[in-house]
Each structure stands twice: as structure tokens, then as C-alpha cells.
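For reference, the structure is listed below as C-alpha cells.
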Amino acid sequence: MAFVEKIPAGPRRPERYRVRYRDPSGRHRSRTSRRRRDAEDFARRVEIEIADGRWRDPRAVREPLGERIEAWLASRHDWRPATRASREPIVRRHLLPYLAGIPIGALRPEDVRAWMTRLLEAGVGRQAVARARQLLHANLEEAVRDGVIPSNPVRYVRPPRIERSELRVPTPEEVERLVEATDPAWRPLVLLLAYGGLRISARPSACSVGTSTCSPGASTCAGRPWRSPAAWSSPT
């Protein structure tokens, strides 16, 4: 419960009114106002905020966002070295120079939109802006869980739209011409990639499947150890 007490006037200062209350952790806090009405309004407001869980530490919400981000980076022990090497430069290049001085409790969705617009106008790619937004979102989600801010302002701002090139699928006639122009040893692989929905990659995929493992009409192919094209049997 919050209560208001009067502070008598001194030789060089007028009378004031102090509001005393306990935060959700039980810690004693106070705030001083020049007018009784302001003190009483604050006391009623802080009681409501504590009761419904909306109260936030006034000092925590004044913390510069840059300090919060630096502490967040230092605490991410779950990141692999490669993950940190890819994410930390984005934070230092696209987040800190623009947002470091803003108090974390003062950041609004319109500030996030303005920040993203500045990045795009500076020539930063849409995908890089989307990744920077994602990292800012992750940082502020942690602040929400810590009880520093009531909600994440990034949640209400959409990432920039990334235009992707349309995938062109070859026609059956084009596939047949490609097969005819391919070395006979590689034709089974071309047919498998074209009609089997597989792809070439660094991980085992199409290249780990032998032609003899596929039966006519089957929806799947059983994997076998890789064999060189010269060792493949010709399809019947």
C-alpha cells in the first residue's frame, strides 16, 4: 500500500509530499512531489500497477538500450562461435549506432519503424534489416521476461518484405533434352533430380541414392552407399 507524507518547508525549500510504497519484491521505494495532488495521484497509480502486475522499476526502464544489448551479448553463452561471429557484427553495425542511447522503457513501435527505415535508406539490404530486427526482438523479449518492460515494441512492427525470385520448373520436354545431352552414366541422377524431388547438397541426399534402389511406381527410394557413375547399372 502506498501512502503520502508531508515534508515540512525548510529555510530554502517549500513544503513537499513524499509517496512511500513497496515494490512487488518488498523493497521500500519513494517519490517526492511538490503538490499533494500529484503525490496522491501517483500513489493511486502505483497501487493499481502493482496490483495488476504492470509496475516496472523506474530506474530499470531508464537504462540505455545500448547497455542492455551489451549485457545481453555477454550473457549469450548458448551461442556457438560461428553463431556469435555472424550475429554480433549485425548488432554492432546496425543496432548500437542507432539505438544505443534510447532508454529501454522509452522505445516505441514507431521508433523501431523509423530505425528500420533509416537502415533501408542507408543501403542496408532487406534481409540484413530483417535479421537486425530479429536480434532486437530477441533482446527485448528477454527484457519482458525480466520484468523491465511490459511488452516488446518490436512485436508490432513487421520485418521488411523480401522479394524472392520465382522458381522456374523445367518442362518434361526440356528435361528430356537435358537427359539426351548428358553423359549416359549421369542420366539416372538427372532423372532422379528432375522427377524425384531431391537435390544436390553438401549433406547426403540425391548423391547417396543408387539407381537400383528405386522400383517402378515407388514413392520413395532406399538409400545405399555412394557408387561412382561408372559402377551404376543401366536402367531397364
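With a 10 Å Cβ neighbour count serving as the proxy for reagent exposure, in which order, fewest first, do W72, W55 appear?
Lowest count first: W72, W55.
Taking +1 at the Cβ of each Lys and Arg and -1 at the Cβ of each Asp and Glu, which of N152, L135, G125 sits farthest along the dipole of the range 112-156 towards its positive end, judged by Cα position relative to the Cα centre?
About the Cα centre, the residue reaching furthest to the positive side is G125.
None of the figures in this text is laboratory data; all of them are computed from the coordinates on show. The shown structure was predicted, so the numbers you read here are calculated from the model rather than taken from an experiment. Reconstructed Cβ throughout: ideal geometry from the backbone, glycine too, with neighbour counts over all protein chains shown.
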